[in-house]
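Following this message is one structure expressed as structure tokens.
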Amino acid sequence: MLEIKNLSFDVVDDNNEKDILKDVNLKFEDGKIYVITGPNGSGKSTLVKIIMGIVKASSGKILLNGEDITSKQIYERARLGIGYAFQQPVTFKGLKVKDLLNISSGKNNDFNSLCDYLSMVGLCAKDYINRPLDDKLSGGELKRIELAMVLSRKAKLNIFDEPEAGIDLWSFDNLTNIFKNLKDTTTIIVSHQAKILEIADVVILLKNGRVEKVGKYKELKPLIQTRTCGKLRGVNGQD
Ligand SMILES: Nc1ncnc2c1ncn2[C@@H]1O[C@H](COP(=O)(O)OP(=O)(O)OP(=O)(O)O)[C@@H](O)[C@H]1O
Ligand SMILES: [Mg+2]
């Protein structure tokens, strides 16, 4: 179980103090799918970056299975079983796709295992394993490779920040099936998309850096539907 206690994050921007996250309290139970949603700028990415240790909270605590991990570094949290996929995938100059998957899974994978990971994200291994991880890969290809990397880590708790971004043409069913098939894993997904919200055991709605509501998608849907933010249109099934 992951627990977030009284978590706040504030920054000084143009001499003004800005509260990005305010007194966030959340519990993530083992084996469940959580989807964090909310308008652009509501603090979703900041929250998941704080869970991974990429951003340091101003105050509050993070407990993983009762252990206080608030001051732990990213690599320590990774060792404790937290995996993370960025909203904007990172390129790794000089590495090939197969190198990345071997590093993330911690072993030398044979062609069949590499094929398994890549086919899970809709890529054909023979076309990709020797591709360099550079800017010649499209945004959608990079996003899928990053998903494959996170899946190959087999972490106990996986965080995906807008996994749907850039792969609009790819069937959403494939993407949602990946999350549904992650057994014995806690999954935290930041998303604006209805099809992803639908598979959540629990939806967390953030607004202006605060947790506005936590519950089933059905219960939260009216609240989410009232948002007029462009990115949330997908929640109404309009894009
Ligand atoms: N280090 C920082 N300094 C100043 N402002 C910041 C900093 N980090 C985040 N912000 C601001 O905090 C707000 C929340 O950012 P965040 O990236 O968490 O939003 P988000 O909910 O993920 O939005 P989106 O849906 O667009 O991805 C934004 O207004 C952002 O500009
Ligand atoms: Mg974001």
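None of the figures in this text is laboratory data; all of them are computed from the coordinates on show. Remember, predicted model here, so these are calculated numbers, not experimental data. All Cβ positions, glycine included, derive from the backbone under ideal geometry; neighbour counts span all protein chains shown.
Could you tell me what percent of the DSSP beta bridges with both partners in the chain are antiparallel, to the nearest 5? Working shown, then result.
Values: 22 of 39 bridges.
For the chain, the DSSP antiparallel bridge percentage is about 55.
Something else about it: So if we plug the beta-carbon distance of Lys126 and Arg79 into 1/(1 + (r/R0)^6) with R0 = 30 Å, what FRET efficiency do we get, rounded to 0.05?
FRET efficiency, Lys126 to Arg79: 0.35.
Please give the peptides 49-57, 110-118 ranked by average Cβ packing (other Cβ atoms within 10 Å per residue), highest first, as a rough proxy for protection.
Numbers: 49-57: 19.1, 110-118: 16.1.
Listed from highest to lowest mean packing, they are 49-57, 110-118.
Grab the Cα-Cα distance for Asn208 and Lys22, subtract it from 0.36 nm times how many residues apart they are, and report the gain in nm with one decimal.
Stretched out fully, the Asn208 to Lys22 stretch lengthens by 66.1 nm.
Using Cα-Cα distances under 8 Å and only pairs 6 or more residues apart, what relative contact order does the chain have, in percent? Can you show the working numbers first?
Values: 443 pairs, mean separation 62.9, N = 239.
Relative contact order, the chain: 26 percent.
Oh, and also: If one computes P(r) from the Cα atoms of segment 1-46, what percent of pairs lie at distances over 17 Å?
For segment 1-46, the fraction of Cα-Cα distances above 17 Å is 45 percent.
Now a separate question. Among the complete DSSP H segments of the chain, which ones combine at least 18 Å of alpha-carbon extent along their axis with a mean Kyte-Doolittle hydropathy of -1.0 or more?
139-153
A follow-up question, please. Given 0.36 nm per residue, what is the gain on full extension from Asp184 to Asp14 after removing their alpha carbon distance, in nm? Can you show the working numbers first?
Numbers: separation 170, 0.36 × 170 = 61.20 nm, distance 4.48 nm.
The Asp184-Asp14 span can extend by a further 56.7 nm.
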